[in-house]
Ligand code: G3D
Ligand code: MG
């Protein structure tokens with residue numbers, strides 16, 4: 001087994017989106033398979049852990065949820081710092097909440113570049129008859145910004161598992177790409193170290209030229 005297969009990946013994931021779109025509900029559905037549980041309202045800004053095993057790879061997710069600060073526009077970079085992934089949630093019956101997702105995409109790409117994996121969740125699809133965010137628009141926007149789009153209902157348990165699985169798989173790929181790049185860099189250094197003295201001094205001359 002390769003090192004990549006045996007090591008454990010630790011990922012930080014943040015939930016972002018306007019208040020009331022269903023972030024906490026999605027998290028609670030994923031972790032505890034519950035909806036509208038009493039402790040929903042008392043859950044404070046914190047993270048919940050989820051351990052996964054995908055194709056023999058151990059993964060620990062720390063999934064961060066807010067205590068509702070987003071309702072006062074008070075979520076700063078400290079919340080999403082060092083995140084490997086973000087779940088951007090909007091409510092399909094609330095166009096404003098989709099605009100908010102677009103703002104988050106802009107901010108995250110500006111601050112973290114492509115180091116962070118983004119997925120977009122159009123939540124409350126059980127209220128399809130009240131939809132105001134056009135489905136095609138949401139999907140084509142997501143594609144344009146390099147984010148997978150999911151149709152979720154925390155209430156009916158639709159799309160939630162799939163969303164976390166896709167995000168996790170993409171984070172694994174990204175992390176292993178980064179590890180490979182690091183290894184390639186390290187092995188280059190080793191090759192230089194292994195060279196006989198005559199060649200080393202030659203390299204040194206070239207490098208300083
Ligand atoms: P937030 O964490 O983004 O602020 P919450 O959102 O998870 O607290 O959910 C806000 C409200 O939306 C809650 O209703 C919750 O029950 C409801 N909700 C969450 N997900 C869904 C969903 O998939 N479908 C439907 N129909 N409702 C959902 P209340 O009434 O408790 O405010
Ligand atoms: Mg919440």
Practice problem: Express the C-alpha Rg of the stretch 67-114 as a ratio against the empirical globular expectation 2.2 N^0.38 Å, rounded to two decimals. | Solution: 1.17
Practice problem: Average the reciprocal distances over every distinct pair of alpha-carbons in the stretch 114-153, invert the result, and give the Kirkwood radius in Å. | Solution: 10.8
Self-check item: Equivalent-ellipsoid semi-axes of the stretch 89-145, from the Cα gyration tensor, Å, largest first
Solution: 23, 10, 9
Quiz item: How big is the stretch 5-145 by Rg and Dmax over its Cα atoms, in Å?
Solution: 15.3, 47
Practice problem: Treating the Cα atoms of the stretch 74-172 as identical point scatterers in vacuum, please give the log10 of the normalised Debye intensity I(q)/I(0) at q = 0.20, 0.21 Å⁻¹, two decimals. | Solution: -1.02, -1.11
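Only the coordinates and a few stated rules stand behind these numbers; no lab work does. If you're wondering where the values come from, they're calculated on a predicted model, not measured in any experiment.
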